[in-house]
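Working notes, structure below.
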Amino acid sequence: MTSKQIQTIRTRDDLFRMISQIRQKRSTIGFVPTMGALHEGHLSLVRESKQQCDFTVVSIFVNPTQFSPDEDLDQYPRPLDNDLQLLQQEGVDLVFLPDNQELYPADCSTSIKPPLVAGKLEGESRPTHFAGVATVVLKLLNLTQCDIAYFGQKDYQQVKVVQHLVRDLNHPSKIVMCPIARAEDGLALSSRNIYLSAEERQIATCLNRTLQETMQMIAEGETDGRAIMAHMTQALIEGGVTETDYAVIADAESLEFLEQVSRPAVLLVAAMVGETRLIDNCLIT
Ligand code: AMP
């Protein structure tokens, strides 16, 4: 644990100044964008950046443009002091803490039309979500001028959206996807897990269980995409979810539904457990 106070910056101008100093030293910059309420999943991204880069920047910003009006923007947890303590323990070099005004000034009217891969799955349930994600991620990549940005496989479609975004717009940052950090019982860690009651927390384990069972089914020779989807949907219902949003097998790059299993593929699920929407996924390589 380092005793040095962690450095925080709140404005774009201060960040630009700081980053240009780092750049002059020819240090490599790693960047981990987050919405805070940090857990081991976020910290695993930070550790990856610390290993691979000279200087690690973490942003904490609950991005309003990726929430729809019926989502939990106001309730979203914001335990800032605890987050800063965790980041200090990890030896993070700089935390960027912009407010809404800083990233979306009153006269700011430019936004990103997200790539095609944003249109399905999460994009169907949350039509404006990825435009908000793509816009804020591009703003943050530009501000941090990072060599590498780290994203979690937990939000697999988000990783694809960001990879396609940087490819399509020739952004120089490299995008690295880090594995899903899970609780001991397999539940993917998420800042939203705190919304779950004790009973819902138990039910929530069925998302990962469903993925594991389905992986087993595929390993044993199942190749029919529709049978796989039907199995996942049934397993989620039996597991007690309130509602299944999607449960699919898709091409790992385009996220197109696969009638027949081919590799690499990805199993993706989204379900409501009580009032809480949970997602999980598993790669088939
Ligand atoms: P969020 O704060 O939810 O926007 O997440 C910030 C980053 O942490 C995103 O790249 C997420 O995919 C990643 N992340 C969230 N949960 C996990 C997890 N359980 N394992 C790995 N990465 C995660």
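The values are calculated or read from the model by the stated rules, or taken from the named source; none is laboratory data. All of these numbers come straight from a predicted model, not from anything done at the bench. As a convention, Cβ positions derive from the backbone with ideal geometry for all residues, glycine included, and neighbour counts pool all protein chains shown.
Could you check the range 145-164 and list, in sequence order, the residues that are within 14 Å of the ligand (Cβ to nearest atom) and in contact with a Pro (Cβ under 6 Å, 6 or more places away or on another chain)?
Keep residues of the range 145-164 that are within 14 Å of the ligand (Cβ to nearest atom), which gives 146, 148-163.
Gln153, Val161 - these are the residues of the range 145-164 that are within 14 Å of the ligand (Cβ to nearest atom) and in contact with a Pro (Cβ under 6 Å, 6 or more places away or on another chain).
Any chance the range 1-11 includes a residue that's surrounded by 13 or more Cβ atoms within 10 Å (Cβ to Cβ), over 20 Å from Glu90 (Cα atoms), among the hydroxyl-bearing types (Ser, Thr, Tyr) and more than 16 Å from the ligand (Cβ to nearest atom)?
Among the residues of the range 1-11, at least one is surrounded by 13 or more Cβ atoms within 10 Å (Cβ to Cβ), over 20 Å from Glu90 (Cα atoms), among the hydroxyl-bearing types (Ser, Thr, Tyr) and more than 16 Å from the ligand (Cβ to nearest atom), which makes the answer yes.
Kindly indicate whether any position in the range 211-221 is away from the ligand (no atom under 14 Å from the Cβ), in contact with an Asp or Glu (Cβ under 6 Å, 6 or more places away or on another chain), not hydroxyl-bearing (Ser, Thr, Tyr) and not assigned by TED's automatic domain parsing to the domain that holds Ile22. Give the steps one after another, and end with the answer.
To start, the set of residues in the range 211-221 that are away from the ligand (no atom under 14 Å from the Cβ) comprises 212-221.
Within this subset, residues satisfying the condition of being in contact with an Asp or Glu (Cβ under 6 Å, 6 or more places away or on another chain) are none.
No, every residue in the range 211-221 fails to be away from the ligand (no atom under 14 Å from the Cβ), in contact with an Asp or Glu (Cβ under 6 Å, 6 or more places away or on another chain), not hydroxyl-bearing (Ser, Thr, Tyr) and not assigned by TED's automatic domain parsing to the domain that holds Ile22.
Among what's in the range 180-200 and is small (Gly, Ala, Ser) and free of Cβ contacts under 8 Å to residues at least 40 places away in the same chain, pick the residue that is farthest from the ligand (Cβ to nearest atom).
Within the range 180-200, the subset small (Gly, Ala, Ser) is 181, 183, 186, 188, 190-191, 197-198.
Filter once more, keeping what is free of Cβ contacts under 8 Å to residues at least 40 places away in the same chain: 183, 186, 198.
Values: Ala183: 9, Gly186: 11, Ala198: 20 Å.
The residue in question is Ala198.
Restricting to the range 145-161, count the residues that are surrounded by fewer than 21 Cβ atoms within 10 Å (Cβ to Cβ) and among the β-branched types (Val, Ile, Thr).
Summing the residues that are surrounded by fewer than 21 Cβ atoms within 10 Å (Cβ to Cβ) and among the β-branched types (Val, Ile, Thr) in the range 145-161 gives 2.
Yes or no, residue by residue, for (1) more than 14 Å from the ligand (Cβ to nearest atom); (2) hydrophobic (A, V, I, L, M, F, W, C):
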site: Leu43; (1), (2): no, yes
site: Glu48; (1), (2): no, no
site: Phe55; (1), (2): yes, yes
site: Val62; (1), (2): no, yes
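To keep it simple, each residue is scored yes or no on (1) touching a Pro at 6+ places or on another chain (Cβ under 9 Å); (2) surrounded by fewer than 14 Cβ atoms within 10 Å (Cβ to Cβ).
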| residue | (1), (2) |
| --- | --- |
| Arg47 | no, no |
| Pro69 | no, yes |
| Asp93 | no, no |
| Gln101 | no, yes |
| Asp107 | no, yes |
| Leu143 | yes, no |
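Report yes if Val137 is crowded, with 19+ Cβ neighbours inside 10 Å and over 30 Å from Tyr246 (Cα atoms), otherwise no. Before the answer, list the steps.
Working: crowded, with 19+ Cβ neighbours inside 10 Å: yes; over 30 Å from Tyr246 (Cα atoms): no.
Answer is no for this residue.
From Asp155, Asp147, Asp83, Asp93, grab the single residue that is more than 19 Å from the chain's Cα centre (by Cα) and either assigned by TED's automatic domain parsing to the domain that holds Leu15 or under 23 Å from Asn170 (Cβ atoms) (or both).
Values: Asp155 fails: more than 19 Å from the chain's Cα centre (by Cα); Asp147 fails: more than 19 Å from the chain's Cα centre (by Cα); Asp83 fails: more than 19 Å from the chain's Cα centre (by Cα).
None of the others qualify; the one that does is Asp93.
With the condition being β-branched (Val, Ile, Thr), I'd like the strands (runs of 3 or more DSSP E) fully within the range 26-101 carrying at least 2 qualifying residues. Walk me through how you get there before you give the answer.
Numbers: elements: 29-34, 55-60, 94-96.
In the range 26-101, the matching strands (runs of 3 or more DSSP E) lie at 29-34, 55-60.
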